[in-house]
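To keep things clear, I will list the structure first and then write my remarks on it.
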Amino acid sequence: MNLHAVLSLLVFSPLVGIIVLAILPKSQEIAIKAVGFLATLPPLALSLAVYAHYLAGKSLSDFSVSVPWIQFRGLQPDEPAYAVNYELAISGFQLLLVVLTSVVSTLAALGACRFIKKEWKGYFMLFLLLVTGMLGLFTAENMVLFFIFFEVTLIPTFFLIGKWGYFEKEKAAFSFLIYNGFGSAVLLIVIMILLAKTGTTNIVMLKEIIADPSVGLSADFKLGLFIALLIAFGVKLPIFPLHSWMLRVHVQAPPSVVMIHSGILLKIGAYGLIRFGMGIFPDQFKQLAVLLAILGVINLLYGAFLAFIQTDFKMVLAYSSISHMGIVLMGLAAMNEAGIQGAIFQVVSHGLISALLFFLVGVLYERTETSLIGNLGGLAKGMPLTAGFLLAAAMASLGLPGMSGFVSEFMAFLGLFKVEPWIAAVGSIGIIMTAVYLLRAVLGMTFGKAFRDFDGVLDLRGLELVPVLVLMLLIVLIGVYPSVLSSPLQATLETIMLGLGG
Amino acid sequence: MSLESFQQLNWSIMTPEFLILGVIAILVLMDLFMPKHMDRKMIGWIGIVAILAAMVATASMVGGPVESILHDTFRIDSFALAFKLLLLGGGALVLFLAVSYEPKDGVERYQAEFYYLFMTALLGAMLMTSSGDLITLYIGLELLSIPSYILAGIRKFHSQSNESAMKYVINGSISSAITLFGMSYVYGLTGTTNLLDMASKLATLSDSNHVYLLTLAFLMIVVGLGFKLAAAPFHMWAPDVYQGAPTPVTAFLSVVSKTAGFVIVIRILLTVFGFAATDGQGSIPILYNMQNYLAVIAAATMIIGNVVALKQTDIKRLFAYSSIAHAGYLLVAFTALTPNMFYSIWFYLLAYLLMNLGAFAIIQVVTEKAGSTKITEFAGLYRRSPVLAVSMGILLISLAGFPGTAGFIGKLNIFLGALYAEPGHYLLASIMIAATVVSYFYYFGIMTQIFFRPAADNSKFNIPFGIVVVLLVAVVGSVLFGILPNIAFDFLQNNLDIIADFFK
């Protein structure tokens, strides 16, 4: 088999599902759900195959593909200077995110079969388009292609929130669209300036061109571009004060969409900062490292303190996401191996944990039609399995040793303590707060005062156990055997460290 | 001129124009002698065939040399051919809309006029692309404008249509007069109406009084043509006219008229003022000197168009403002004045033609059925007709400039041009992007109606054949040029060397 086609196949295989769904009549509920779920399996299988290829010790560059695509006309009439190629490639870091995406997508499709109550056909068609967009943007090798896939994720997400969400869904959908549209607009400006000034958007080539002092781009100009990138991805991550849209989405979107949103879409911000911010503008990143560390701490503490006073469990999780993304920023700002590794670990780990938590929220909401902490007291008695997993997921989230959250937080803080001990010290209050708010919320639900009796409320059962068990297993696996993540990351980290000059 | 030399002229380069003109004449006579009760739709279909034939004739000239007849007043160069193809394509699609339009409010009595007035206006627009002289340019402009005035008011017993025609006539005449006044200064300074002669005479201008006069002429021409393009702050007429006119006319005004407007802007401003010196030979041309003014107009047009569109509740008014905004994007490309300007403007107009005419096709079907042009009539379209809903979704996404559609590539092209011009127009590019984000609000606002809201009545639509054709072309074209834009780029670059031809 031609390995160069693998990535294209991986990215575009969900589209086959869309075509099949388009043919199926609306009323065939079971068939639609089955197709929607099955269509997420090819990317999963392919991404695991790529991982196996890597484990077998072969080079990931076997998968790279580059085909001429668009030629914008240049200034000189005869030269087609501004070429944008169709380029996909995968590195260790991207591999992790692709695997994460395909795993969470498959589980979210399972979740959707349960949580989505109407118009499955439209839902799964949009969902599969979203999956294609996410897989594409993690494998895109030039910035224009990245941007295109990035925007491809916006439209389906807008509709998924706006049509299948809860009470204030349309407001949430618009708020999502405008904030992210703004972020992507800023991103587009950066990409186009780079294309106009350097003639390429290939990430590897840009790295060399920007580092080359003979290319006439002033330091201020580069700093400006970097700040624009920071804003663009800051919306997505989200960095305080650009976060308000994300709270609405977390609360209003259907649980299976939030699994994707919190699990993967937020990670695009971190991915972009690492790949483009740190990769292309390492010097500028260094210049602003302290600022980033401070922003990280603000995110961490702001999220943690506000999570503490929420009455809705979904809001607790939303603020907790902000808080955890602060740790990513802090790890990156450390600019050393431990810090960056911690940040990437946190990206993957939070992706798994939040997908699990939101799946459980979805289960709870489906049974009880509430996600208010006060209304869910005494859960351990009525739904022991759910309550147990909820507690376990919360433990993972607050960084209990032996689970993925611990490894990532530990390394991120280790990195930051090395360079900015004071900022890190302030940040460590956040770790305590995390334990406080999560335990308050989860214990309030599991062992809290019983608000109602759970007679006739079914516990986790059947297929619902699959996502929960798979996610829990992965969380523990990373916790006890972190080299599943760290070994593919090695090469990526070395390149980044080389760029940072340390 | 003796009869012999008259016959020796290379009339064949006017084949497309003659085709249209001849068919108009035949159609007028047919209308006259056809029995009253016979269906006039046939006239529309003949018109479509004529336009398609003219398109083939134009396409067959692609790749030929630059030719001109009648003392350079009529010329065929790559610029003319490229834009003529756009106009003819747009004209054909508009006629498809027109034959699917159910005549009422008095249109039934003038149904045949309805069709051939479109063709007359189209003929005017075609003349404009090929003009090498101010006189022919102006005649083309009026030949386009006058039938448009009539078309806007053709719904005789509909008060909005009357208002629309009235406003259009008054504003249009004023703008024509201003343009003409500006042209007269240029004529006075150079003593010729031929564009290229003017250009060579003005290239050595050094008397500061003359430069002052010429700058004044430039501003007047920009103001006059700004009306035609509906560029801010001369856009006030557009929403009223668009709202009152029958939908096919609105589509015609927003696409074909606008394309013709850009044709005349490029022809006059670039040839006459692109070389007019500000201080002796070799100094900065007036056009470059005035770039900032153009930039202000472009920015104002984008901002006003997009911001005011947010508050609209009438779909045709909304599209009027949206088309104002799109004129603003196109003006950004013109302001940048890079050599690839022709290509980015041409491509954007192509994309705009496809997505806007497609959207108007759907607007026509929905509003005609509902009998009202409120945006809320689109509520629940997804349930009533998934095909229309999804098509509209794709076209709106293209209008909003999302990837995968021609609208995105068009914007990217313009954007790139603005950024690699030296010095780069960073501010203008940023405004363009910000304006685009604002436009998400109203384009997605229509989508919420279509996909999220329940329908007031659940009746289905009969989609006439003409609409099906337009939608097919529009949707397939928007997606095709969005994914494989090089089809259009290569066609232009390999066959039509606009820059080299333009000043020959």
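From A:Lys26, A:Lys58, grab the single residue that is touching a Phe, Trp or Tyr at 6+ places or on another chain (Cβ under 9 Å), among the charged types (D, E, K, R) and surrounded by fewer than 19 Cβ atoms within 10 Å (Cβ to Cβ). Step by step, each of A:Lys26, A:Lys58 is checked, and only A:Lys26 is touching a Phe, Trp or Tyr at 6+ places or on another chain (Cβ under 9 Å), among the charged types (D, E, K, R) and surrounded by fewer than 19 Cβ atoms within 10 Å (Cβ to Cβ). Among the residues making up region B:425-435, those that are surrounded by fewer than 24 Cβ atoms within 10 Å (Cβ to Cβ) and at the interface with chain A (Cβ under 7 Å from one of its Cβ atoms) are B:Ser430, B:Ile433, B:Ala434.
Filter region B:420-442 down to the residues that are in contact (Cβ under 8 Å) with a residue 12 or more places away in the chain and of a type in the set (S, T, N, Q) and list them by number. Within region B:420-442, B:Thr436, B:Ser439 qualify. If you go through region A:79-120 and pick out every residue that is open to solvent by 30 Å² or more (accessible area, probe 1.4 Å), in a loop (DSSP other than H, G, I, E, B) and not charged (D, E, K, R), you end up with 3. Can you confirm whether region A:141-151 contains a residue that is away from chain B (no Cβ under 11 Å), of a type in the set (Phe, Trp, Tyr) and either farther than 21 Å from A:Leu97 by Cβ or in contact (Cβ under 8 Å) with a residue 24 or more places away in the chain (or both)? The answer is no; no qualifying residue exists. Taking (1) touching a helix residue (DSSP H, G or I) at 6+ places or on another chain (Cβ under 6 Å); (2) of a type in the set (A, V, I, L, M, F, W, C); (3) under 26 Å from B:Thr278 (Cα atoms); (4) modelled with pLDDT under 90 in turn, B:Phe181 satisfies each apart from (4).
Can you tell me which residues in region B:439-457 are open to solvent by 40 Å² or more (accessible area, probe 1.4 Å) and at the interface with chain A (Cβ under 9 Å from one of its Cβ atoms)? Of everything in region B:439-457, just one residue is open to solvent by 40 Å² or more (accessible area, probe 1.4 Å) and at the interface with chain A (Cβ under 9 Å from one of its Cβ atoms), namely B:Phe441. The set of residues from region A:272-315 being within 21 Å of A:Ile193 (Cα to Cα) and among the aromatic types (Phe, Trp, Tyr) comprises A:Phe276, A:Phe281, A:Phe285. Would you confirm whether or not region A:63-73 contains a residue that is β-branched (Val, Ile, Thr), surrounded by 19 or more Cβ atoms within 10 Å (Cβ to Cβ) and farther than 30 Å from B:Met341 by Cβ? No, region A:63-73 has no match at all.
Here the helices (runs of 4 or more DSSP H) wholly within region B:244-362 that include at least 2 residues being among the β-branched types (Val, Ile, Thr) and within 26 Å of B:Gly172 (Cα to Cα) are B:247-252, B:258-265, B:291-309, B:315-336. In region A:265-272, is there at least one residue being more than 10 Å from the chain's Cα centre (by Cα) and not charged (D, E, K, R)? Yes, region A:265-272 has at least one match. Here the helices (runs of 4 or more DSSP H) wholly within region A:170-260 that include at least 1 residues being aromatic (Phe, Trp, Tyr) and within 20 Å of A:Phe285 (Cα to Cα) are A:219-236.
B:Ser161 passes every criterion in (1) more than 24 Å from B:Pro248 (Cα to Cα); (2) assigned to a helix (DSSP H, G or I) apart from (1). Of the residues making up region A:398-420, just one is over 21 Å from the mean Cα position of the chain (by Cα), buried (at least 18 other Cβ atoms within 10 Å of the Cβ) and not in a helix (DSSP H, G or I), namely A:Glu420. Among the residues of region A:263-315, the one identified as within 16 Å of A:Leu416 (Cβ to Cβ) and of a type in the set (D, E, K, R) is A:Lys286. Comparison of B:Ile345, B:Ile315, B:Ile304 shows that the only residue that is open to solvent by 20 Å² or more (accessible area, probe 1.4 Å) and hydrophobic (A, V, I, L, M, F, W, C) is B:Ile304. Selection of region A:195-224 for residues being at the interface with another protein chain (Cβ under 10 Å from one of its Cβ atoms), closer than 23 Å to A:Pro68 by Cβ and without any contact (Cβ under 8 Å) to a residue 60 or more places away in the chain yields only A:Lys197. For region B:373-383, a residue qualifies if it is of a type outside the set (A, V, I, L, M) and either in contact with a strand residue (DSSP E or B) (Cβ under 9 Å, 6 or more places away or on another chain) or within 14 Å of chain A (Cβ to nearest Cβ) (or both), and the qualifying residues are B:Thr373, B:Lys374, B:Gly380, B:Tyr382, B:Arg383.
Among the residues of region A:365-389, the ones that are open to solvent by less than 10 Å² (accessible area, probe 1.4 Å), assigned to a helix (DSSP H, G or I) and within 17 Å of A:Arg440 (Cβ to Cβ) come to 3 in all. Checking region A:164-181 against the condition returns no match, with no residue being β-branched (Val, Ile, Thr), touching a strand residue (DSSP E or B) at 6+ places or on another chain (Cβ under 6 Å) and either open to solvent by 10 Å² or more (accessible area, probe 1.4 Å) or within 12 Å of another protein chain (Cβ to nearest Cβ) (or both). Considering B:Ser176, B:Ser159, the condition of being modelled with pLDDT of 90 or more and surrounded by fewer than 24 Cβ atoms within 10 Å (Cβ to Cβ) is satisfied by B:Ser176 alone. The set of residues in region A:454-495 that are of a type in the set (Val, Ile, Thr), over 20 Å from the mean Cα position of the chain (by Cα) and crowded, with 18+ Cβ neighbours inside 10 Å is empty. Taking the conditions exactly as written (facing chain A (nearest Cβ under 9 Å), crowded, with 17+ Cβ neighbours inside 10 Å and either in contact with a helix residue (DSSP H, G or I) (Cβ under 7 Å, 6 or more places away or on another chain) or among the β-branched types (Val, Ile, Thr) (or both)), does B:Phe415 satisfy them or not? Answer is yes for this residue. Comparison of A:Val347, A:Val316 shows that the only residue that is open to solvent by less than 10 Å² (accessible area, probe 1.4 Å), among the β-branched types (Val, Ile, Thr) and closer than 23 Å to A:Leu273 by Cβ is A:Val347.
The values are calculated or read from the model by the stated rules, or taken from the named source; none is laboratory data. These figures come from a predicted structure and were not determined experimentally. Ideal geometry is used to build each Cβ from the backbone, glycine not excepted, and the neighbour counts take in all protein chains shown. Heavy atoms of the whole protein, side chains included, go into the accessibility calculation; ligands, DNA and RNA do not. Shrake-Rupley method; radii C 1.70, N 1.55, O 1.52, S 1.80 Å.
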